[in-house]
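Working notes, structure below.
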Amino acid sequence: MHNSQGRNAGLGLALASALAFGGSGVAAKPLIEAGLDPLHVVWLRAAGAALVLLPLAWRHRSLLRTHPALLAGFGLLGVAGVQAFYFAAIAKIPVGVALLIEYLGPALVLGWIRFVQRRPVSRAAAIGVVLAVTGLACVVEVWAGMRFDVVGVLLGLGAAVCQASYFILGDHGTDSDDGAPDPLGVIAYGLLIGAVVLTVVARPWGMDWSVLGGKAELGSASVPAVLLLGWVVLVATVIAYLTGIVSLRLLSPQVAGVVAFLEAIVATVLAWVLLGEHLSAPQLAGGALVLVGAFIAQTSRPKTAAAEPVASGGPGAEERDAEAVTGDRVPDSETGLPVGGPAA
C-alpha cells in the first residue's frame, strides 16, 4: 500500500513537472513580443532561478571540485544553450513547433553513436529516429516549401543539438569513481553557471527594464509582465525542476521519462488555447510521430551489452534531463542527469 501511494505521488509530481515546464514558452513569448530580447528573457529565467536555488548551490559546493565538467556541460548546454536557442526560436515560430524540433535531441545522439563513435544501434532505436525525422517533416510541412520561418526552424535545431551535446557530455561525466552527484546540486550549479555565461552574452544592463513594469499580451488578455516573468522563474524553472527530482525518487527513470514527454503536448495545447497558435491535422500527426520516435530512440536498449554506460537508444536508461531544459529535464536518480533532455 505504501509503495502504491509513493508511486501515485510520484506520478502526480512528474505530471506537475511536465505541466510546469510546458508553460515556459507560453509565458515567455508574450514578454518577447512586448519588447524583451529572447536572450534577456533567458537570462532573467536562469538568474532568477539561480538566485532562488543559491542555498542549494552552497550546500553542494563540493561538486565544483568533484564534477566540474558535468556542471559546466549542464550550465553551458542544458541551461544557456538549450534555452537561448529555444526562446530565440519561439520568437519566430510557434511554441509547440519549436519544442517538437528540440525533441530531436535523442535522435541526434543516436547519429553520434552510430556515425561518429561507429557503434551499433538497435533496430528499434533506428526506427525511432526514422519516425522522429518523418514527424518533423510533417510538423514543418516540407511539402509546402517550409511553412515556417527557416531561421526559427534552425534555431529549434540548435536547441536539439545543445540537448544532444549535453547527453553526450553526460555520458562521460558520469563515468567516475567519485560517486553520482546529487541532482539538486547539479541543477543549482547548472543554473548558476548558465546565468553567468548568459550575463556575458546577453548583456542585461542594456535590457529595456521598463517592459517588466508594463503589460504583455497573452492572447486576448493583458497580463502584467512581471507576473509572466514570475511564472517563468518560479513555476516553469524552480518548481518544475524540484517536482521532477522528487518524482524520480518515487518512480523509475523510465516511468518519469514517459511522463516528461507530456511537456511537448502541454506546450502545444497551451499555445493553442492562450496564444492562438493553431496547428493543422498533419502537423499534429507529425508531432505525435516526433514524440513517439524520440521516446523509442531514448529508451531503446543497447544492441549488445557494453561495459561502459553508453546506450544505443540515445541518452539511455543510465544517463537520461536536464532540458531544460527545454528542455528539456528530470535528473536520473543514479547519475544526476535529467530524463528526456534539458528543459526548454
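The values are calculated or read from the model by the stated rules, or taken from the named source; none is laboratory data. In this text, all values refer to a predicted model and were calculated from it rather than measured experimentally. Backbone-built Cβ (ideal geometry, glycine too); neighbour counts: all protein chains shown. Surface areas here come from the heavy atoms of the whole protein model, side chains and all, with no ligands, DNA or RNA. Shrake-Rupley method; radii C 1.70, N 1.55, O 1.52, S 1.80 Å.
Here are a few things to note about the model shown:
- Qualifying residue in region 90-110 (condition: assigned to a helix (DSSP H, G or I) and open to solvent by 50 Å² or more (accessible area, probe 1.4 Å)): yes
- Selection status of A132, out of contact with any Asp or Glu (no Cβ under 7 Å at 6 or more places or on another chain), closer than 18 Å to A288 by Cα and either modelled with pLDDT of 95 or more or open to solvent by less than 50 Å² (accessible area, probe 1.4 Å) (or both): yes
- For region 95-122, the tally of residues that are closer than 13 Å to A267 by Cα and of a type in the set (F, W, Y) stands at 1.
- Residue ID - least open to solvent (accessible area, probe 1.4 Å), chosen from residues in region 25-56 that are in a helix (DSSP H, G or I) and more than 27 Å from G219 (Cβ to Cβ): A50
- Test result for R61, more than 26 Å from H278 (Cβ to Cβ), charged (D, E, K, R) and surrounded by fewer than 24 Cβ atoms within 10 Å (Cβ to Cβ): yes
- Residue check, G22 modelled with pLDDT of 90 or more, open to solvent by less than 10 Å² (accessible area, probe 1.4 Å) and out of contact with any strand residue (DSSP E or B) (no Cβ under 8 Å at 6 or more places or on another chain): no
- Which numbered condition L104 misses (of (1) of a type outside the set (S, T, Y); (2) under 15 Å from the mean Cα position of the chain (by Cα); (3) modelled with pLDDT of 90 or more): (3)
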